[in-house]
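First comes the structure, then the notes that go with it.
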Amino acid sequence: MLLLHLSDVDEASWAEKLRSALAPYPVVRRGEAFNPADVRYIFVWKPKPDAFEGLDGLKAVLSLGAGVDALMKHPRLPDAPIVRFVDADLSQRMSDYVVAHVTMHHRLYTRFRADQKAKRWSQLYPPAASETTVGIMGMGVLGQDAVARLKPLGFALRSWSRTPKAIDGVEGFAGEESFEAFLGGTDILVNLLPLTPETTGILNYETFGKLRRGNLNGGPVIVNAARGGHQREADIVKALGDGTLGAASLDVFETEPLPESSPLWDIENCYITPHIAAISNEKSGVAYFSKIIRAHEAGEPLINVVDRKRGY
Ligand code: NDP
Ligand code: OXD
C-alpha cells in the first residue's frame with residue numbers, strides 16, 4: 001500500500017493520478033480508513049510530526065522534493081531508504097531559472113534598468129560571455145544540467161563539488177581546500193548545493209568578499225536556487241549595500257514565506273522569487289514514483305536513494 005502525506009500541494013490530485021497509474025495497487029491518503037501496518041511506501045512533502053506513526057512495514061520513504069534536508073531533520077524519520085525526486089523536467093526548470101538569471105546579470109540588467117529609470121543614455125559594454133565566469137556550487141543532477149545549458153551560450157564555467165568532477169569545458173574544483181581558488185575566478189556564483197551541516201550558511205560575507213572583482217560592472221553576483229539555509233541574509237543585505245556584491249537573485253530564504261519585514265524586499269539589486277525555480281511536476285512525478293514502486297515490488301533495487309551519512 002502507498003500512503004500520501006503531502007502538504008502545501010494538491011494531494012487529492014496526486015492521489016487520483018497515482019491510483020490510476022498503480023491500479024490495482026492500493027493508494028491511500030491521510031484521514032482515509034487503512035491499517036498503518038499495511039503501508040509499504042509513504043510519499044511525503046513537508047511531513048507532520050506524526051507522519052510515520054505505526055508504519056512498521058515501510059519499504060521506502062519517497063520524497064516529492066529533490067532536496068531532502070527538511071525530511072532528514074524529521075524527529076521520527078524511520079530507518080527505511082529515502083528515494084528523492086530526480087527528473088528531467090525538474091532539471092530543465094531549474095536550468096531555465098539559472099540561465100535566465102545568469103544572462104540577466106551578465107548583460108548588466110541592474111545598471112541598465114537604473115539608467116532607464118533615470119532616462120540616462122550611457123553606453124557600457126558588458127564583458128563577452130567567454131570573459132565572464134559562472135561558478136556553480138554543487139555538480140550533481142542540477143549542477144550538471146545547468147552547465148550543459150550554459151556551455152552553448154559561451155560562458156567560462158567552473159564547478160565546486162565535494163569530490164572531483166571531470167566535465168568537458170568546466171574547470172573543476174573540489175573540497176574545502178579549493179573553495180577560495182574557485183571563488184577567486186568567479187563573477188556569477190550559482191548555488192545548487194544540498195543543505196547539510198557542511199553547507200549551511202556558505203553564502204556569507206566572507207564568501208562574497210572572495211569573488212572576483214573588476215569584471216562585471218557593479219561587482220560579482222550570487223544566484224541562490226538551492227536552500228535558504230545556505231545564505232546569511234543579513235550578510236547579503238550588507239554586501240549589496242556596500243558594493244561587495246553587485247546583485248543577488250534569490251529563490252529561497254531563511255524563513256519562507258519571506259517575512260514582510262525583510263529588508264531584502266526593498267533592495268533594488270536583489271531579485272526575489274518565491275521558491276518557484278523548479279517545482280516537481282505532477283505528470284512526470286507520477287510516472288517516476290509509480291515506476292519505482294512497480295520495479296521495487298518486482299524485486300528490483302530502489303534508485304536515487306539518499307545517502308544518510310552524507311545527508312543528500
Ligand atoms: P545532488 O545530490 O545531485 O548534487 C549535490 C551536489 O552538491 C554534488 O555535486 C555534491 O558533491 C555537492 N556537494 C554536497 N555537499 C558538498 C560540500 N560539502 N562541498 C562541496 N560540494 C558538495 O543534488 P541536486 O543537484 O539534485 O539538487 C541540489 C539541491 O537543489 C537540492 O538539494 C535542493 O536543495 C535544491 N533544489 C531547489 C529547488 C528550488 O525550486 N529552489 C528545486 C529542486 C532542488 P559530490 O558530487 O562530490 O557528491
Ligand atoms: C525541491 C524543491 O527540493 O522544490 O525539490 O525545493
Can you give me the ranges of the helices (runs of 4 or more DSSP H) entirely in segment 152-271 with at least 3 residues that are over 20 Å from Val102 (Cα atoms)? 179-184, 233-242
Given (1) surrounded by 14 or more Cβ atoms within 10 Å (Cβ to Cβ); (2) more than 30 Å from Leu192 (Cβ to Cβ); (3) among the polar types (S, T, N, Q), index of the condition Ser63 fails: (2)
Could you list, in sequence order, all residues of segment 29-52 that are of a type outside the set (Phe, Trp, Tyr) and over 29 Å from the mean Cα position of the chain (by Cα)? Gly31, Glu32, Ala33, Asn35, Pro36, Ala37, Asp38, Val39
For segment 66-80, which residues satisfy the criterion of being surrounded by 17 or more Cβ atoms within 10 Å (Cβ to Cβ), in contact (Cβ under 8 Å) with a residue 24 or more places away in the chain, in a loop (DSSP other than H, G, I, E, B) and more than 9 Å from ligand 1 (Cβ to nearest atom)? His74, Leu77
Can you find a residue in segment 98-116 that is within 16 Å of ligand 2 (Cβ to nearest atom), surrounded by 16 or more Cβ atoms within 10 Å (Cβ to Cβ), assigned by TED's automatic domain parsing to the domain that holds Arg212 and part of a loop (DSSP other than H, G, I, E, B)? no
Within segment 82-94, is even one residue away from ligand 2 (no atom under 11 Å from the Cβ) and not in a helix (DSSP H, G or I)? yes
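The values are calculated or read from the model by the stated rules, or taken from the named source; none is laboratory data. As the structure is a computational prediction, the values presented were derived from the model and not from experiment. Ideal geometry is used to build each Cβ from the backbone, glycine not excepted, and the neighbour counts take in all protein chains shown.
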